[in-house]
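Report on one structure; see the data block that follows.
The values are calculated or read from the model by the stated rules, or taken from the named source; none is laboratory data. Note that the structure is a prediction, hence the values are computed from the model and not measured. Here the Cβ positions follow ideal geometry from the backbone for every residue, glycine too, while neighbour counts run over all protein chains shown. Calculation scope for accessible area: heavy atoms of the full protein, side chains included, ligands and nucleic acids excluded. Shrake-Rupley method; radii C 1.70, N 1.55, O 1.52, S 1.80 Å.
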Amino acid sequence: MTQEERQQNVERLVNQERYGFEDLVLVMQLLRAPGGCPWDIEQTHKSIRKDFIEETYEVIEAIDTEDPVLLREELGDVLLQVAFHSQIEAEQGVFDIYDVTNDVCAKLIHRHPHVFGEVKVSNSDEVLSNWDKIKTEEKHRDTLTDKLRSIPPMLPALMRAQKVGKKASFFDFGTADEVIAKLYEEIEEVKAAMASGDQAEIDEEIGDLLLTVTSLARKAHTDSEEALAHATNKFIDRFEKVEKIVNFRGESVENLTMSELDAVWDEIKHEN
């Protein structure tokens, strides 16, 4: 756009009372164009990669805390990231945000033949089964290994492990009791590795132990990622109570022995 067009767009946006999707696209163009924001112009996919991750987790926080005001804001931040990455590609002539919206609409239509076609389904399980089948055909994932490798490596490790286990469910423990027995076996192997002092072996055996825990979570119909997040939050809440009690007694948690802290911890645990 010319300098005159740029100035006209800036003035219009500044004086506008409500904005839509097209305005977001235009704002990103103006930020990245000559005369725009120096920081925005410098960014690449990799430089803002972590921002995308952080914004996504902030959306999850808003969902978990049931905060609609925060959710509205954080969804906007995620949408900004989509617009930002799309604009970077548009400048290279590879694709733009309208290609992104086209592709996702086409994908949704193709993967919902029970809505946009003649396929009949009676429940959500059938919907998910059809979705997985169509996705497998689209991606040409001919083997189970292809499907396992398609699970993003950058997912949180517990979440990825549980998804891999679900995909390979036919190659799984029969019952939760079998998994528990395997856990004891893995613990013994961790102990042996620690006794050997071989750090690589310790890392490997602890990894095997954690993988087995995700199998138990799956058998117990528990999401291992959410379970660990809940347990971590519970630990922080209880530790806060321990610290308050210790401070109230005129002491500091750093100066108490583990057994003394355990005693206070047990007091709180029994109260709950």
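Descriptive notes on the structure:
- Between GLU189, GLU118, GLU11, the GNM of the chain built on Cα springs shorter than 10 angstrom shows GLU11 fluctuating the most.
- Dipole magnitude for region 172-272: about 540 debye, using +1 per Lys or Arg Cβ and -1 per Asp or Glu Cβ, origin at the Cα centre.
- Surrounding net charge for GLU137, when Lys and Arg each add one and Asp and Glu each subtract one, Cβ distance under 14 Å: +3
- In degrees, nearest ten, helix 176-196 long axis to first principal axis of the chain (Cα): 80 degrees
- Gain on full stretching of the segment that runs from VAL100 to PHE21 - 0.36 nm per residue minus C-alpha separation: 27.1 nm
- Within straight-line reach of LYS120, meaning a Cα separation under 20 Å, sit the following aspartates and glutamates at least 8 residues removed in sequence or on another chain: ASP132, GLU137.
- Calculated from backbone phi, Karplus (6.51, -1.76, 1.60) coupling profile of region 146-154 in Hz, x at Gly/Pro: 4, 5, 5, 6, 6, 6, x, x, 8
- The label point for LEU108 and the one for GLU89, both projected 7 Å from the Cα toward the Cβ, are 1.8 nm apart.
- 0 to 90° range, to nearest 10: angle between helix 157-167 axis and the chain longest Cα axis: 90 degrees
- Here the accessible area is traced with a 1.4 Å probe on the protein chains. For the chain, carbon and sulfur cover 56 percent of it.
- Remark: region 1-145 carries a charge dipole of roughly 500 debye about the Cα centre, counting +1 on each Lys and Arg Cβ and -1 on each Asp and Glu Cβ.
- ³J(HN,Hα) computed for each position of region 222-237 - Karplus, 6.51 cos²θ - 1.76 cosθ + 1.60, integer Hz, glycine/proline x: 10, 7, 4, 5, 5, 4, 5, 4, 5, 5, 5, 4, 5, 4, 4, 4
- Sparse-neighbourhood loop sites, chymotrypsin sites (Phe, Trp or Tyr not before Pro) in region 73-129 - DSSP loop, at most 14 other Cβ within 10 angstrom: PHE95
- Over the chain: helical MRE at 222 nm, DSSP H runs n ≥ 4 each giving -39500 (n - 2.57), nearest 500: -24000 deg cm²/dmol
- 3J(HN,Hα) along region 128-136: 5, 5, 5, 4, 5, 5, 5, 4, 4 Hz, from the Karplus curve 6.51 cos²θ - 1.76 cosθ + 1.60 with θ = phi - 60°, whole Hz, x for Gly and Pro.
- LEU13 paired with VAL82, simple spin-label distance in nm, labels 7 Å along Cα-to-beta-carbon: 1.9 nm
- For the chain: accessible area per residue (Å², 1.4 Å): 71 Å²
- The C-alpha radius of gyration of region 95-185, expressed as a fraction of 2.2 N^0.38 Å, stands at 1.42.
- Mean projected area of the convex hull spanned by the Cα atoms of region 156-250, taken over all viewing directions: 8.5 nm².
- Projected label points at GLU189 and ALA176, each 7 Å from Cα along the beta carbon direction, are separated by 2.3 nanometres.
- Full-stretch length increase - GLU42, LEU210 - with 0.36 nm per residue and alpha-carbon distance subtracted: 56.4 nm
- The dipole here belongs to the chain: it is taken about the Cα centre, uses +1 on the Cβ of Lys and Arg and -1 on the Cβ of Asp and Glu, and is about 860 debye.
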